[in-house]
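Structure first, commentary second.
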Amino acid sequence: MKINLKNANKLQTLKGFGTSACWWSHYCKDEKTQDEIAEILYGDSGLKLNIYRYNIGGGTDMDNYRVQNPWRRTESMYVYDREKEEGYWDYSLDKTAKDVMRKCIDKGNVDTLIVFANSPHWAHTSTGQASGSLMMHTCNLPKANYRKFADYFLTATQRLIDEGFPVKYVSPINEPQWKWGGSYVWQEGCHYEPEEMVEVMHIFAEEIINRKMDVKLYGPESGEMMGLTPEYLDLLTKDELIMSVMPIFAYHSYHDDNNPKIRVDFKNQLVTPHPELRFDMSEWCELPNKSHTKNFKGALITARIIGQDLIYAGAESWTSWVAINQYSIKEDGFDYSDATLTATDNYEEWYIAERYYGFAHFSKYIPVNSNCLDNGFFPDDNNDFNVFSFLTPENKTVTVIVNEDKEKEITLDGNFSKMEVIESMQEYKLKTIYNGEYKNTLTVKENSILTIICED
């Protein structure tokens, strides 16, 4: 099998990799653990992530709520008294999440801070809850409160800026197409019909401009690649005010883990016709999650999706869902947490999941401002062997190979003098198996990931 590196065409420029601090950061109270996790995620010895998603939560009325798991609720800096029908800001709240965010930023690699919401504040919703409407597929935010939501969200954002957090983007709507209501109340969420979504985003654009905030609008973080996503894009791009402050269309690539062709369709139908926009893949985890945390299969799937989202779908950045999730022990005794790390509720126990290493094969070795490359490779129908290439600002060619099949021989078509090969599989992780003169033939072991760094 021959991989073309010599004449590979340059594609889009990468803006980096990231993850979300949603939920887990609120409960990571131990400073030593905070330091360790910040290094693992954002430090030079870890993933070297540069994108941070901070969640401005909808808060919880403890006398009226449906989400039972506290890890699925988010503390708000706005306190509302239902009896007095008035609220006030208490900026001492959400302290733990802000402490974690500061530690991650202090690692020096974060250049993109995005604040996002799963729901408006509970006091502004129809139900008095941040978990969606009582009727599924119905917006939980009354039209009369659209501007209250914008005021709440942007006031919280401004406070973060005033505290020294370098907020770059605001994302008020997350996965508007899902039902987020009825009995589906396991987390914060709010459904919006496409027209409602655009109206809310328009008000946010107005408020950003009127307040002269140095932030840009981001979103609408559609929960799937196709579906309603083309309609969202069409409606948003027709609104001149929104487009004046929204340089990025963000979406999630859930539910199509074994479908590289849909990523090609996404690029052809949405990305290519809109060169004025940057497209970010801002959230993914394996759905349905069939890989437990200690199974290398999770790393293989993660690496495959990252590469396909970047090369085939044209994403300029790639961000995982939550960095840490709770232990999820199933009947077989294995932990099926869907994050890059997994932890008990109080962090007395936590560890790195195998899927972390699938992420690491990209984020550790492909820096910001690298170019994606078209090396001419596309997987066959089995989708079990994938090859992705990138050109770094230092003119190094980095190729990530994901082999979910039997051992294979490959030939690299390129003119280089030096080569380093980093390998991960179930038995070991991120092991340098070769570092020396360039050679164009390599063996790719069964169920392994290789990162190959070539330079002149």
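Quick check on segment 182-193: of everything there that is surrounded by fewer than 18 Cβ atoms within 10 Å (Cβ to Cβ) and not hydrophobic (A, V, I, L, M, F, W, C), which residue is nearest to Phe149 (Cα to Cα)? Full working, then the answer.
Start the filter on segment 182-193 by keeping residues that are surrounded by fewer than 18 Cβ atoms within 10 Å (Cβ to Cβ), which leaves 182-184, 186, 193.
From what is left, the residues that are not hydrophobic (A, V, I, L, M, F, W, C) are 182-184, 193.
Working: Gly182: 22, Ser183: 24, Tyr184: 22, Glu193: 17 Å.
Among those residues, the one meeting the criterion is Glu193.
Quick test for you: out of Phe362, Phe385, Phe390, Phe416, pick the one residue that is more than 29 Å from Ile37 (Cα to Cα) and under 27 Å from the mean Cα position of the chain (by Cα).
Values: Phe362 fails: more than 29 Å from Ile37 (Cα to Cα); Phe390 fails: more than 29 Å from Ile37 (Cα to Cα); Phe416 fails: under 27 Å from the mean Cα position of the chain (by Cα).
None of the other options fit; the residue is Phe385.
Test Met62 against the stated conditions and say whether it is at pLDDT below 95, surrounded by fewer than 22 Cβ atoms within 10 Å (Cβ to Cβ) and under 30 Å from Gly376 (Cβ atoms).
Numbers: at pLDDT below 95: yes; surrounded by fewer than 22 Cβ atoms within 10 Å (Cβ to Cβ): yes; under 30 Å from Gly376 (Cβ atoms): no.
It is false that Met62 is at pLDDT below 95, surrounded by fewer than 22 Cβ atoms within 10 Å (Cβ to Cβ) and under 30 Å from Gly376 (Cβ atoms).
Sort out which residues of segment 164-191 are among the aromatic types (Phe, Trp, Tyr) and not in a loop (DSSP other than H, G, I, E, B), and write them in order of number. Step through it out loud before you land on a result.
Going residue by residue through segment 164-191, those that are among the aromatic types (Phe, Trp, Tyr) are 165, 169, 178, 180, 184, 186.
Within segment 164-191, Tyr169 is the sole residue that qualifies.
Of the residues that make up segment 391-401, is at least one surrounded by fewer than 18 Cβ atoms within 10 Å (Cβ to Cβ), in contact with a Ser or Thr (Cβ under 7 Å, 6 or more places away or on another chain) and closer than 30 Å to Ile324 by Cα? Don't jump to the end; show me each part of the working.
From segment 391-401, those surrounded by fewer than 18 Cβ atoms within 10 Å (Cβ to Cβ) are 393-395; that's our starting set.
Now drop any that are not in contact with a Ser or Thr (Cβ under 7 Å, 6 or more places away or on another chain), which leaves 393.
Remaining after also requiring closer than 30 Å to Ile324 by Cα: none.
No, segment 391-401 contains no residue that is surrounded by fewer than 18 Cβ atoms within 10 Å (Cβ to Cβ), in contact with a Ser or Thr (Cβ under 7 Å, 6 or more places away or on another chain) and closer than 30 Å to Ile324 by Cα.
Only one residue in Arg102, Arg147 is surrounded by 15 or more Cβ atoms within 10 Å (Cβ to Cβ), part of a helix (DSSP H, G or I), touching a residue at least 60 places away in the same chain (Cβ under 8 Å) and not acidic (Asp, Glu), so which one is that? First the steps, then the outcome.
On the way: Arg102 fails: surrounded by 15 or more Cβ atoms within 10 Å (Cβ to Cβ).
After applying the criteria, what remains is Arg147.
Does segment 207-253 hold any residues that are small (Gly, Ala, Ser) and either buried (at least 23 other Cβ atoms within 10 Å of the Cβ) or touching a residue at least 40 places away in the same chain (Cβ under 8 Å) (or both), and which are they? Before you say what the answer is, go through the steps one by one.
Within segment 207-253, the first condition is being small (Gly, Ala, Ser), and the residues that meet it are 219, 222-223, 227, 244, 250, 253.
Residues satisfying the conditions are Gly219, Ser222, Gly223, Gly227, Ala250, Ser253.
Can you go through Gly414, Gly358 and tell me which one is surrounded by 17 or more Cβ atoms within 10 Å (Cβ to Cβ), under 23 Å from His292 (Cβ atoms), touching a residue at least 40 places away in the same chain (Cβ under 8 Å) and not aliphatic (A, V, I, L, M)?
Values: Gly414 fails: under 23 Å from His292 (Cβ atoms).
Checking each option against the conditions leaves just Gly358.
In segment 32-59, which residues are in contact (Cβ under 8 Å) with a residue 40 or more places away in the chain and surrounded by fewer than 18 Cβ atoms within 10 Å (Cβ to Cβ)?
Thr33, Asp35, Glu39, Asp44
Across segment 67-96, what is the total count of residues that are among the charged types (D, E, K, R) and part of a loop (DSSP other than H, G, I, E, B)?
So in segment 67-96, the residues among the charged types (D, E, K, R) come out as 72-73, 75, 81-86, 90, 94-95.
This time we only want the ones that are part of a loop (DSSP other than H, G, I, E, B), so: 73, 75, 82-85, 90, 94.
So the count comes out to 8.
Determine if segment 276-287 includes at least one residue that is closer than 25 Å to Asp335 by Cα, surrounded by fewer than 24 Cβ atoms within 10 Å (Cβ to Cβ), at pLDDT below 95 and of a type in the set (A, V, I, L, M, F, W, C). Steps first, please.
Of segment 276-287, the ones closer than 25 Å to Asp335 by Cα are 282-287.
Those left that are additionally surrounded by fewer than 24 Cβ atoms within 10 Å (Cβ to Cβ): 284-287.
From the residues that got through so far, the ones that are at pLDDT below 95 too are 287.
Still in the list and also of a type in the set (A, V, I, L, M, F, W, C): 287.
Scanning segment 276-287 turns up at least one residue that is closer than 25 Å to Asp335 by Cα, surrounded by fewer than 24 Cβ atoms within 10 Å (Cβ to Cβ), at pLDDT below 95 and of a type in the set (A, V, I, L, M, F, W, C).
Which of the residues that make up segment 280-326 are in contact with a Gly (Cβ under 6 Å, 6 or more places away or on another chain) and within 25 Å of Pro220 (Cβ to Cβ)? Reasoning before the result, please.
Taking segment 280-326 first, the residues in contact with a Gly (Cβ under 6 Å, 6 or more places away or on another chain) are 291, 299, 302-303, 317, 319.
Passing the criteria: Thr302, Ser317, Thr319.
Which strands (runs of 3 or more DSSP E) sit wholly inside segment 363-407 and have at least 2 residues that are touching a strand residue (DSSP E or B) at 6+ places or on another chain (Cβ under 7 Å) and hydroxyl-bearing (Ser, Thr, Tyr)? So that I can check it myself, show each step before the final result.
Values: elements: 371-374, 385-391, 397-403.
Hits in segment 363-407: 397-403.
In segment 150-163, what residues are out of contact with any strand residue (DSSP E or B) (no Cβ under 8 Å at 6 or more places or on another chain), touching a residue at least 24 places away in the same chain (Cβ under 8 Å) and surrounded by fewer than 19 Cβ atoms within 10 Å (Cβ to Cβ)? Can you show your working first?
To start, the set of residues in segment 150-163 that are out of contact with any strand residue (DSSP E or B) (no Cβ under 8 Å at 6 or more places or on another chain) comprises 150-151, 158, 162-163.
This time we only want the ones that are touching a residue at least 24 places away in the same chain (Cβ under 8 Å), so: 150-151, 158, 163.
Hits for segment 150-163 are Asp151, Gln158, Glu163.
The values are calculated or read from the model by the stated rules, or taken from the named source; none is laboratory data. On a predicted model such as this, the values are computed, not experimentally measured, just so you know. Every residue, glycine as well, gets a Cβ built from its backbone with ideal geometry; the counts of neighbours run over all protein chains shown.
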